[in-house]
Amino acid sequence: MRLKRGSSGSGLHRHINSNRGRCCGINVPVVVLLFFCVFAPLLFFMGRGIHSTADAAGNEASTTGQMANWREQMAVQHLKSLLSKELIESMTANAHDMGPWSLDSLRKNPFSSSWKVVGVEMSNKNNFTSDEQSFVRFVNQTVLDVKKETPPMKKDIIFTTADDHSPFVDTPATRTRRQLREKRREKRAAQLAQQDDETTVKLENAAIERSKAVDSAVLGKYNIWRRDNENENSDSTVRLMRDQIIMARVYSSLAMTKKKLDLYNELLARLKESQRALGDATTDADLQHSAPERIKFMGQVLTKAKAELYDCNLVTRRLRAMLQSADEQVRSLKKQSTFLSQLAAKTMPNGIHCLSMRLTIDYYLLPPEKRKFPRSENLENPNLYHYALFSDNVLAASVVVNSAVVNAKEPEKHVFHLVTDKLNFGAMNMWFLLNPPGKATIHVENVDEFKWLNSSYCPVLRQMDSAAMKEYYFKADHPTTLSAGSSNLKYRNPKYLSMLNHLRFYLPQVYPKLDKILFLDDDIVVQKDLTGLWSVDLRGKVNGAVETCGQSFHRFDKYLNFSNPNIAKNFDPNACGWAYGMNMFDLNEWKKKDITGIYHKWQNMNEDRVLWKLGTLPPGLITFYGLTHPLEKSWHVLGLGYNPSIDRAEIENAAVVHYNGNMKPWLEIAMTKYRGYWTKYINLSHPYLRNCHLSE
């Protein structure tokens, strides 16, 4: 059938368009249907499969973790049985202080220098191996288990570290342990500091003891402080020359033994040249200009001698013989030095002897009415301050009186009682008539005019008249040499034979109307007002004195013979000694306890000198045993006559300084460093002193 062009074309177009609309309307529901019918079940089954796989993997990991935790728990139980309680507590405390353990914390903050992680960088903290992580979990689990077993504390304080801000707990137990650790550290540090201080003090004391035996005037620059203050290479030329001289003497003796006369003469010639070049030099600066040349020539000769004569055994024997010979010479020189020092100590210098003679002549030229001192009414006034001074040295007595008056706050209340012998009686009176002690009162007496002091009353005077005592004091085994007489000369010192030295045991008889009196030796210097001594409570004792037992040689066993039963049963060998020189005596208590009678008793027992050797200190220690009250040490400082190492501050703070020993300040052998404390109270421009050359 033939269709019409117009109608048929338009109808076809409408048909096609209608079909397109239907197709689009049908597709949307179909797609949705297909999604729910096909794709949704597919997605459901795929998701379920993946979930099942994840559950299986999770179950497997959980099982593995449980097995690891079980192994860790078993290891913790075994670890507790192996480790000590202290170590576990330390781990717990460190966990409290620093948080849970980790290898990164060990790398950053090691607990001590021995905790090190070798071969691992400090950064990169997440780069842990499975073994490291297992170790960390294991340690933390151990700490947690220990903490579970520990009873909970009442109050915990949580802190955060500055680096990682991880919190940790500070319990009272932790704080207690920390405090204990800090106390232990402080105690150890104090012990170490104390040990250092004690070591320093011991070294200083040892150096002081060594310095006491060193005569700096003789040794010059060779002293114990040389290494501290000087270069080790200083004066090396002097030492080299001395060494060469020693070796030259050795080789010269060997050359003579082996009859090599040419070498012997050459060594002697070089030896004399070196000795002349060295002279008395003690430093390189003191050497002559020819010293280097002499050293060179001596070195050549010694090299030649060594090549021809050296034998180790012979040289050793020769050096040993020289050492022994030098040691014997040193001992002999020491004895001679002791003898000469004791001789100098017992003699009176020419200047003081001259002064005494001139004063004596002028005194007896005075008319009798001008020989009297003023204020004689004060001599028996018990309300004043009375001093007793027994001396035969005019210059020394003047220093004692002058220094006491200068430093007194109220000099008009001070009374000085001087006693001397008949030889110096005129000189002592004349000096104080010419040089009165200001407003103070002074009186001079002659011991030979004490008629009550005779041999029938005084044991010492009776013993001095005996033949045995004269033999002992004046002959002393008849030494024929200086060194032989050194040990006996001290027994013949005039002070032990003078009654002035023993008059101190008769104070109540000399001053019967006084209550208290201060006894002074003539080798002391007063530096402060002494009136405070009269207000010291002696607590019923007779003698107030400064004790000297800081050293072992100042105890009773060094003065008395404790092998004698009379001494051993009555006295303690370790009892503390005390010093004469400045003593406050209560004369009322003296009379009550009959001190003079006690002295007489023991002096009679010592007639054959079996209880003590000599002097007045041993009988004084016996007589006043248990009757001496110790005074403060600052009242009386001793040793300026023998000890070169007294602290200067101690001397300057002392009320009285004492030149006890052989080196008296008026002698040439006195120590220069201490002489100024004595000479400051002498008017060196005085015409009498100038005429006797005492001002030089």
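The values are calculated or read from the model by the stated rules, or taken from the named source; none is laboratory data. Just so you know, these numbers come straight off a predicted model, no measurement behind them. Cβ atoms come from the backbone with ideal geometry, glycine included; neighbour counts cover every protein chain shown. SASA here: full protein model, heavy atoms, side chains in, ligands and nucleic acids out. Shrake-Rupley method; radii C 1.70, N 1.55, O 1.52, S 1.80 Å.
Whether any residue in the stretch 337-358 is open to solvent by 20 Å² or more (accessible area, probe 1.4 Å), without any contact (Cβ under 8 Å) to a residue 40 or more places away in the chain and not in a helix (DSSP H, G or I) is what I want to check.
Yes, the stretch 337-358 has at least one match.
May I ask you to say which residue of E696, E668, E632 is at pLDDT below 95, surrounded by fewer than 17 Cβ atoms within 10 Å (Cβ to Cβ), touching a Gly at 6+ places or on another chain (Cβ under 9 Å) and of a type in the set (D, E, K, R)? Walk me through it before giving the result.
On the way: E668 fails: touching a Gly at 6+ places or on another chain (Cβ under 9 Å); E632 fails: touching a Gly at 6+ places or on another chain (Cβ under 9 Å).
Criteria check complete, one pass: E696.
Consider Q300 carefully, then state whether it is in a helix (DSSP H, G or I) and out of contact with any Gly (no Cβ under 6 Å at 6 or more places or on another chain). Spell out how you get there, then give the answer.
On the way: in a helix (DSSP H, G or I): yes; out of contact with any Gly (no Cβ under 6 Å at 6 or more places or on another chain): yes.
Yes, satisfied.
Please state which one of E273, E328, E293 is part of a helix (DSSP H, G or I), open to solvent by 70 Å² or more (accessible area, probe 1.4 Å) and modelled with pLDDT of 85 or more.
Step by step, each of E273, E328, E293 is checked, and only E293 is part of a helix (DSSP H, G or I), open to solvent by 70 Å² or more (accessible area, probe 1.4 Å) and modelled with pLDDT of 85 or more.
Pick out the one residue from H417, H443 that is open to solvent by 50 Å² or more (accessible area, probe 1.4 Å) and in contact (Cβ under 8 Å) with a residue 40 or more places away in the chain.
On inspection, the qualifying residue turns out to be H443.
Just checking, how many residues over the stretch 560-602 are open to solvent by less than 20 Å² (accessible area, probe 1.4 Å), free of Cβ contacts under 8 Å to residues at least 60 places away in the same chain and among the small types (G, A, S)?
The total comes to 2.
Out of F432, F390, which single residue is in contact (Cβ under 8 Å) with a residue 60 or more places away in the chain and under 23 Å from G581 (Cα atoms)?
F390
Got a sec? Which helices (runs of 4 or more DSSP H) wholly within the stretch 402-513 have at least 2 residues that are modelled with pLDDT under 75 and within 29 Å of K593 (Cα to Cα)?
Correct list: 494-497.
Restricting attention to the stretch 384-396, does a residue exist that is at pLDDT 90 or above and open to solvent by 40 Å² or more (accessible area, probe 1.4 Å)? Don't jump to the end; show me each part of the working.
Of all residues in the stretch 384-396, those at pLDDT 90 or above come to 384-396.
Checking the rest, the ones that are also open to solvent by 40 Å² or more (accessible area, probe 1.4 Å) come to 385, 392.
Yes.
In the stretch 532-545, is there at least one residue being within 19 Å of V657 (Cα to Cα), outside any strand (DSSP E or B) and open to solvent by less than 10 Å² (accessible area, probe 1.4 Å)?
yes
Can you find, within the stretch 546-559, the residue that is surrounded by the fewest Cβ atoms within 10 Å (Cβ to Cβ) among those that are outside any loop (DSSP other than H, G, I, E, B) and in contact with a Leu (Cβ under 9 Å, 6 or more places away or on another chain)? Can you show your working first?
So the first thing to find is which residues in the stretch 546-559 are outside any loop (DSSP other than H, G, I, E, B), and the list is 547, 552-558.
The next check asks that each one be in contact with a Leu (Cβ under 9 Å, 6 or more places away or on another chain); those that pass are 547, 556.
On the way: E547: 17, F556: 20.
In this case the residue turns out to be E547.
Being more than 24 Å from E449 (Cα to Cα) and surrounded by fewer than 16 Cβ atoms within 10 Å (Cβ to Cβ) narrows it down to one residue among K370, K409; which is it?
Numbers: K370 fails: more than 24 Å from E449 (Cα to Cα).
Answer to the check: K409.
Test E652 against the criterion of being open to solvent by 50 Å² or more (accessible area, probe 1.4 Å) and in contact with a Ser or Thr (Cβ under 9 Å, 6 or more places away or on another chain), and give yes or no.
The answer is no for E652.
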